[in-house]
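Novice: I have a structure I would like to understand better, so I am pasting it below and will then ask my questions one at a time.
Read-outs: derived from the displayed coordinates by stated rules, not from any lab. The structure displayed is predicted, hence computed values, not measured ones. Glycine gets a Cβ as well: all are built from the backbone with ideal geometry, and neighbour counts include every protein chain shown.
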Amino acid sequence: MAIPAITKGGLIIKTKRKPSEIAADVAIYAILATIGLLALYPLWNVAVLALNDPLDTLRGGIYLWPRMFTLNNLSLILRQEQLATAFKNSVLRTGIGVASALFFNTMAAYVISRKDFIFRKAAQRLLAVTMYVNGGLIPYYLVVKSVGLRNNFLVYILPMMFNAFYILIIRSFMDELPDSLTEAARIDGAGDFTVYWKVVLPLSAPVLATIGLFIAVDQWSQWFDSFVFTTDKSLTTLQYELVKVLNQSTSSVSDINSLRQRLQSGGQINIVYTPQSIRMAITIISTIPIVLVYPFIQKYFIKGVMIGAVKG
Amino acid sequence: MGTLKKAWRQRMLVLMIIPVIVWTAIFSYAPLAGWLVAFKEYQPSKGFAGIFSAPFVGLKFFREFFTDKQFYQTLRNTVAMGGLVIVIGTFAAIAFALLLNEVKCQWFKKIVQSFSYLPRFLSWVVVASVFYLVLSTDGGIVNEILTRLKLIKAPVAWLTQGKSFWSIITIADIWKNMGWNAIIYIAAISGVDTALYEAAEVDGITRWGKIWHITLPGIRSTIVILFVLAVGNLLNASGFDQSFLMGNPMTMAYSDNLAVYVYRNAFVMGRYSMSASISMINSVISLLLLAGANKLSSLAIDEKVI
C-alpha cells in the first residue's frame, strides 16, 4: 500500500515505506557487506595460514581460523638472516626516504608557492613536463648506473627524493595559508628559509601527514629497484624477497633449509615448513606494518586524495 | 639587469629551488636525452656516455619491433588489459559510490568504506601472493567454493590458463583499487545540490530516477576528468608488476604486456636500443592518447582537463 511520504506543502511526514523500497535497502546492505568482506577476506586467509602449523595446513580446510595455532612460521622467517636484513632495509628505506623526500618536496613546494619568485613559471613548467613523459626503463637505468647508484643504498632514496605530483599537492595546500602569517615573519626580518622552516612547515602538518604516508607506502611497496639495481645481498628488501619466493626462486627456501639443519644438529627445535607456509609468513610480515598503522592514517589518505583530485 | 638583480635579492629562494632542478635534470631530463640510444647501435658496456659515441642507425630498431610478431601480441594484451581495467574499474567505482550513498546508517557505511580501500595500500607483490593463495588448486577458496557449488568438477589452475588472465588482472585491479577510486566519486556525489533531491521527492521520482537524473549528471564532469586521465594512462594501466608477477610461461600469450616486453628486451636479451625504442613509442602514444582524450572531454563537458 503506497502512502504518500510527502504532503503537497512540502512537509515531510515519516510513514511506512513501500515493501519494494525495503527490499532495495536490504539488497544494498547485502551487496555492500559482501564487498567489505571480499576486500578483507583474502588477507585474513593469508594470516590464518601464516599462523597455522604447516603440516596441518596440508590437510586442507583452513579458511576462517587457524586449526593448530603456531608462531613458528613467523619466527622462522625472522630468524633467517637474509630476511632479517631485508626487513631492516625496508624499514630503513621507508624511514629515511620519507624524511628526506618530505623535506625536499616541501621546500620546492614552498618556493613555487611564492608568487613573486622570479623563476616560478619556469620551475613549474620544468616539473609539469616530468609528470607526462619519462625516458623509460633503459635510459633511466643507464642514468642511475652512471651516477653510481648500482649496489648503493642511496638508489632507494635519491630517485624517490622528488615527485612533481606531490609537490603540486603540497603547493596547493600552501597556497591556502593566509599571507599575513608569512608577512609578519618577514617583517620581523626572517629570511625565506626561516619562513619555510619555522612558519610554513609547522602550518602544513596535515599535508605533511598525507604526503608522508603516500611516500611511506611507495617506499615500503617498492621492489623493482632492488631487482634491477642491486645484486648485493645485503641490500635486499622484504618485497623483493617475497618476489623471489613467488617466482619459486629457491634461494630463500634453501637458506631456510640450511638454517633448519643447523638448528636441528644443535639439538634445538624441530622446524617444519612448506613453501606455502614461508610464502604466507613473508606476505604477512610485509603487510603487518601497513595494517597496523592503517586505522590511524586513513583520514589523512582521504584528505590527500581530495586535495589531489581538486588540483590534479 | 633587472632579472639578475631580482634573482640576487631572492638568492635564498633560488638556493632552495636548486635541489629539485638538479634532481629533475638527472632523473627526468637525462633519461629523455637517453632516448637517443633508440637510434643507435649501443653497447651496454659503454655506460651513459657511450650513448653519444655509438654509431647512428636511424630507425633500425623501430623497424625491427614493428615487424616483430611479439610486439603486436604484447600491444594487444596491453590495450585489452588496460581497457578492461579502466572501463570496468570506473563502472565498479561509480557503482560502489552510488550504493554507499544510498546507505543511511553511518557506522555501516564507514566500516564498509574502510575495508574497501585497505587493499589499495598493499603492494602488487602482496596482491599477487594473495591471489596465488585464493586461486590455488590446493585448497584455494575460489576452487573450493566453485566445486562445492558444482560449477566446476575439479579445481582449476586459474593462473596457468591464458584465457583467464585478463579477467584475473581486472578482478585483482578492482580488488585493489575500487574502494580508493570511489573516494573521489563519493565526494563528488556529496557535492550535488540537495535541493534537487528534495524537488524530485515532491515530484515523486523513484530512487533509481534520482540516481539517473540527478546524481549521475551531477558528477558527470568528475567522471569525464578521471576517465580522460585514465585513457592517457591506457598503456600503463596494466602495469609491469601485475603481468610480471602473475604471468608465467603458460599464460604468456595473454599476460605479456609492453612493460614486460621492454624489460625482457633490456635485461633478458640485452637489447638496450630495442628496449629504449619501444619505451619511446610507448611514451609518444601515451601523450597522443592524453591529448586526444583531452580534446574529446572538452566536447563532453566544455572544459579541458589539462
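Novice: Once you order the gyration tensor axes a ≥ b ≥ c over the Cα atoms, which shape class does chain B get: rounded for a/c under 1.5, otherwise prolate or oblate by comparing a/b with b/c?
Specialist: It comes out oblate by the Cα gyration axes.
Novice: Defining a contact as two alpha carbons under 8 Å apart and six or more residues distant in sequence, what relative contact order in percent does chain B show?
Specialist: Taking the mean separation of contacting Cα pairs over the length of chain B, I get 26 percent.
Novice: Same structure, new question: 7 Å from Cα along Cα→Cβ at both A:Arg59 and B:Ile285: what's the point-to-point distance in nm?
Specialist: Between A:Arg59 and B:Ile285, the simple spin-label model gives 5.3 nm.
Novice: Report the trypsin sites (Lys or Arg not before Pro) located in segment A:91-198 that are in a DSSP loop and have at most 16 other Cβ atoms inside 10 Å of their Cβ, or state none.
Specialist: A:Lys115, A:Arg150
Novice: Per residue of A:33-45, count partner chain C-beta atoms within 10 Å of its C-beta, then hand back the mean as an integer.
Specialist: For peptide A:33-45, the averaged partner shielding equals 6.
Novice: Along the charge dipole of chain B, Cβ charges K/R +1 and D/E -1, which of B:Gln106, B:Phe267, B:Ser221 sits furthest on the positive end?
Specialist: About the Cα centre, the residue reaching furthest to the positive side is B:Phe267.
Novice: So what's Rg/Rh here for segment A:72-311, counting alpha carbon atoms and using the Kirkwood radius for Rh?
Specialist: Result for segment A:72-311 is an Rg/Rh of 1.08.
Novice: Quick check: from the Cα gyration tensor, does segment B:1-158 come out rounded (a/c under 1.5), prolate or oblate?
Specialist: oblate
Novice: Averaged across the residues of B:108-117, what count of C-beta atoms belonging to other chains lies within 10 Å of each residue's C-beta?
Specialist: Per-residue shielding by partner chains comes out at 5.
Novice: With Kirkwood's inverse mean 1/r over C-alpha pairs for Rh, give me the Rg to Rh ratio of segment B:1-45, two decimals please.
Specialist: My calculation of the ratio gives 1.30.
Novice: Right, another one. I need the peptides A:51-57, A:61-67, B:22-28 ranked by packing, meaning the mean over residues of other C-beta atoms within 10 angstrom, with the highest value on top.
Specialist: Peptide ranking by packing, descending: A:51-57, B:22-28, A:61-67.
Novice: Across the residues of B:131-143, average count of Cβ atoms on other protein chains within 10 Å?
Specialist: Per residue, the average neighbour count from other chains is 3.
Novice: Something else about it: On a 23 Å Cα-Cα criterion, which of the cross-link pairs B:Lys176/B:Lys210; A:Lys88/A:Lys244; A:Lys88/B:Lys46; A:Lys198/A:Lys299 come out too long?
Specialist: As for pairs spanning more than 23 Å Cα to Cα, those are B:Lys176/B:Lys210; A:Lys88/B:Lys46; A:Lys198/A:Lys299.
Novice: How about segment B:98-160: which trypsin sites (Lys or Arg not before Pro) there are in a DSSP loop, with at most 14 other Cβ atoms within 10 Å of their Cβ?
Specialist: Passing sites in segment B:98-160 are B:Lys104, B:Lys150, B:Lys153.
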